[in-house]
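**Student:** Handing you a structure now.
The values are calculated or read from the model by the stated rules, or taken from the named source; none is laboratory data. Remember, it's a predicted structure, so these values are computed and weren't measured experimentally. Here the Cβ positions follow ideal geometry from the backbone for every residue, glycine too, while neighbour counts run over all protein chains shown. Just so you know, the surface numbers come from the protein's heavy atoms only, side chains and all, with ligands and any DNA or RNA stripped out. Shrake-Rupley method; radii C 1.70, N 1.55, O 1.52, S 1.80 Å.
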Amino acid sequence: MRMGELSRRTGVPVPTIKYYVREGLLPAGELTSPNQASYGDSHEQRLRLIRALLDVGGLKVAAISEVLAAVDDSGRSVHTVLGAATDLLVPRYAEGEPDAALLDARERVAGLVERRGWQVDADCPGREALAAALAALERIGHKGFAQTLETYADAAELVAQVDLAYVAGTAGVEGVVERAVVGTVLGEALFEALRHLAQVDLSSRRYGGGAGE
């Protein structure tokens, strides 16, 4: 197909496609004449993946380049490629000299990982993100809420199983990465909405009042 048709199929403007080609995110088409190139299904799939990483994942072009490099590295396992993609979705917090709350939180996270037998590297960004959340709870005087950590971990394992089952329902590394990113971002939005609905229902039952009050 020509670039114009690729644009129509994906909804991505031609100038944007040319930009992705220049930046090395999208492979150049096969030249059919000095001024014409042909694009195939693999270009369409790659372009959809780029848009998923950009629009749904909220990644910058440089980060997308990292993910695509992992996708194109045939020596990497699916687990490694998924890590390269989903690690970039984990919030990062300003670094500074760690205080007592953060140091204690890091120990708690390490203990949680060990107790549950999670196969998680020491530099996994989720560990630091969790430690930052626990430390924040302590600083504002709500350390007791952290006692729910094991229950949250139980729920996280269940949700992760659903996530990975969805990811496994497609073929090809690009499809797996796209589903992982979309599932992680929109899955979180779904979960937060469901959590809110459940909180409203339980609050109504426990504290009285009708729906919407």
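**Student:** Using θ = phi - 60° and the Karplus form 6.51 cos²θ - 1.76 cosθ + 1.60, what ³J(HN,Hα) does each residue of region 160-170 get, whole Hz, x for Gly and Pro?
**Tutor:** Working through the residues one at a time gives 4, 4, 5, 4, 6, 5, 5, 4, 5, x, 9 Hz.
**Student:** Between residue 168 and residue 207, what is the label-to-label distance in nm when each label sits 7 Å out along the Cα-to-Cβ direction?
**Tutor:** About 4.1 nm, to one decimal.
**Student:** To continue, here is another question. For region 80-171, how big is Rg over Rh, using alpha carbon atoms and the Kirkwood form of Rh? Walk me through the intermediate numbers first.
**Tutor:** On the way: Rg = 14.5 Å, Rh = 14.6 Å.
Ratio value, two decimals: 1.00.
**Student:** Given only helices, namely DSSP H runs of n ≥ 4 each adding -39500 (n - 2.57), what is the per-residue ellipticity at 222 nm of the chain, to the nearest 500 deg cm²/dmol?
**Tutor:** Working: 9 runs with 135 residues, N = 213.
Per the formula, -20500 deg cm²/dmol.
**Student:** Given a cut-off of under 8 Å on Cα pairs at least six residues apart, what relative contact order in percent is computed for the chain? It would help to have the intermediate numbers written out before the result.
**Tutor:** On the way: 156 pairs, mean separation 41.5, N = 213.
For the chain, the relative contact order is 19 percent.
**Student:** Mind pulling the angle between the C-alpha long axis of helix 61-72 and the longest principal axis of the chain? Nearest 10 degrees, somewhere in 0 to 90.
**Tutor:** With rounding to tens, the tilt is 80 degrees.
**Student:** I would also like to ask the following. When the accessible area of region 47-117 is computed with all protein chains present and a 1.4 Å probe, what percentage of it is carbon and sulfur? Write out the running numbers ahead of the final one.
**Tutor:** Values: 2070 of 4090 Å².
Result for region 47-117: 51 percent of the exposed heavy-atom area is carbon or sulfur.
**Student:** While we're here: What is the spin-label model distance, in nm, from residue 16 to residue 36 if the labels are put 7 Å beyond Cα along the C-beta direction?
**Tutor:** For residue 16 paired with residue 36, the spin-label model returns 2.6 nm.
**Student:** Using the Kirkwood radius over C-alpha pairs as Rh, can you work out the diffusion coefficient of region 1-68 via Stokes-Einstein at 4 °C, viscosity 1.567 mPa s, in µm² per second? Walk me through the numbers before you get to the answer.
**Tutor:** Numbers: Rh = 12.1 Å.
Diffusion coefficient, whole number: 107 µm²/s.
**Student:** Now, a different point. Starting from the Cα of residue 115, step 7 Å toward the Cβ, then list every residue of region 134-162 with an amide N under 12 Å from that point.
**Tutor:** Counting only backbone N, you get 146-154.
**Student:** How far apart, in nm, are the 7 Å Cα→Cβ label points at residue 133 and residue 186?
**Tutor:** If labels sit at residue 133 and residue 186, their model points lie 2.3 nm apart.
**Student:** If packing is taken as the average count of other Cβ atoms within 10 Å, what order do 155-162, 179-186, 100-107 fall into, highest mean first?
**Tutor:** Values: 155-162: 12.1, 179-186: 19.1, 100-107: 16.2.
Going by the mean number of other Cβ atoms within 10 Å, highest first, we get 179-186, 100-107, 155-162.
**Student:** Right, here's the next one. Quick check: convex hull over the Cα atoms of region 49-110, volume per residue in Å³, rounded to an integer? Display every interim value, and only then the final one.
**Tutor:** Numbers: hull volume 7.6 nm³, N = 62.
That works out to 123 Å³ per residue.
**Student:** Rounded, prolate or oblate for the chain? Axes are the square roots of the Cα gyration tensor eigenvalues, ordered a ≥ b ≥ c, and the cut-off for rounded is a/c under 1.5. Don't jump to the answer; show the numbers that get you there.
**Tutor:** On the way: a/c = 2.54, a/b = 1.84, b/c = 1.38.
It comes out prolate by the Cα gyration axes.
**Student:** Also, quick follow-up: How large are Rg and Dmax for region 139-204 when calculated on the C-alpha trace, in angstrom?
**Tutor:** Values for region 139-204 (Cα only, Rg and Dmax): 15.5, 48 Å.
**Student:** For residue 38, enumerate residues with amide H under 5 Å from its amide H, sequence gap 5+ or separate chain, H modeled in the peptide plane.
**Tutor:** It is 30, 31, 32, by chain and number.
**Student:** Near residue 98, within a Cβ-to-Cβ distance under 14 Å, what is the net charge of the other residues, with Lys and Arg +1 and Asp and Glu -1? Write out the running numbers ahead of the final one.
**Tutor:** Numbers: positive: 106, 108, 127, 139; negative: 95, 97, 99, 104, 107, 128, 138.
After counting each charged neighbour, the total is -3.
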